[in-house]
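A short write-up of the structure that comes next.
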Amino acid sequence: MTSMHRIRLAGPWHFWLQHCDGSQLEFRQKTETPLPENALEKPIAAIRMVRKFNRPSGLLPTSRVYLELEDWPTYSSVALNQSSISNKNSPIEITQLLVLGQNAISIECQILPDERRPVQTLFSNSTTYLLIENC
């Protein structure tokens with residue numbers, strides 16, 4: 001029998017905002033909270049987010065771990081422990097990429113000039129989960 005356990009990677013995330021004028025803003029927070037007041041003072045060209053997490057405990061030799069990205073732009077790039085992974089086919093199996101102890105997921109997103117969705121909506125609506133399947 002297969003069971004599935006879902007873990008939301010809510011935060012804290014480490015954010016870097018690259019403004020169009022080359023300046024940067026760095027901060028830490030949960031994804032569902034509003035951005036700092038000064039974050040949207042200038043147009044944003046790119047966003048980088050990093051979330052560290054421990055390898056899930058209780059994994060069996062037959063367990064599989066997946067990364068699920070909800071509502072992230074398809075043009076964003078995703079890496080786990082500095083290994084690039086595709087976000088086009090979520091959920092993505094990451095079992096072999098996990099290390100004992102601390103792992104890090106990194107999401108980088110270029111803000112396209114014609115992007116209609118406000119940056120604030122990107123943070124509040126996009127979520128990341130670990131799915132653990134025990135076979």
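The values are calculated or read from the model by the stated rules, or taken from the named source; none is laboratory data. It should be emphasised that the depicted structure is a prediction, and the values quoted were computed from it without experimental measurement. Methodologically, a virtual Cβ is constructed for each residue, glycine included, from the backbone with ideal geometry; neighbour enumeration extends over all protein chains shown.
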Report summary line: Scanning region 25-45 residue by residue, those modelled with pLDDT of 75 or more, under 19 Å from the mean Cα position of the chain (by Cα) and surrounded by fewer than 14 Cβ atoms within 10 Å (Cβ to Cβ) turn out to be E26, R28
Query raised in the report: Are there any pairs, at least 6 apart or on different chains, whose C-beta atoms fall under 6 Å, with the first in region 89-101 and free of Cβ contacts under 8 Å to residues at least 24 places away in the same chain and the second part of a loop (DSSP other than H, G, I, E, B) and surrounded by 11 or more Cβ atoms within 10 Å (Cβ to Cβ), and if so, which?
Result: L97/N81
**Report entry** The one condition in (1) under 18 Å from Y129 (Cβ atoms); (2) at pLDDT 85 or above; (3) surrounded by fewer than 17 Cβ atoms within 10 Å (Cβ to Cβ) that I94 fails to fulfil
**Finding:** (3)
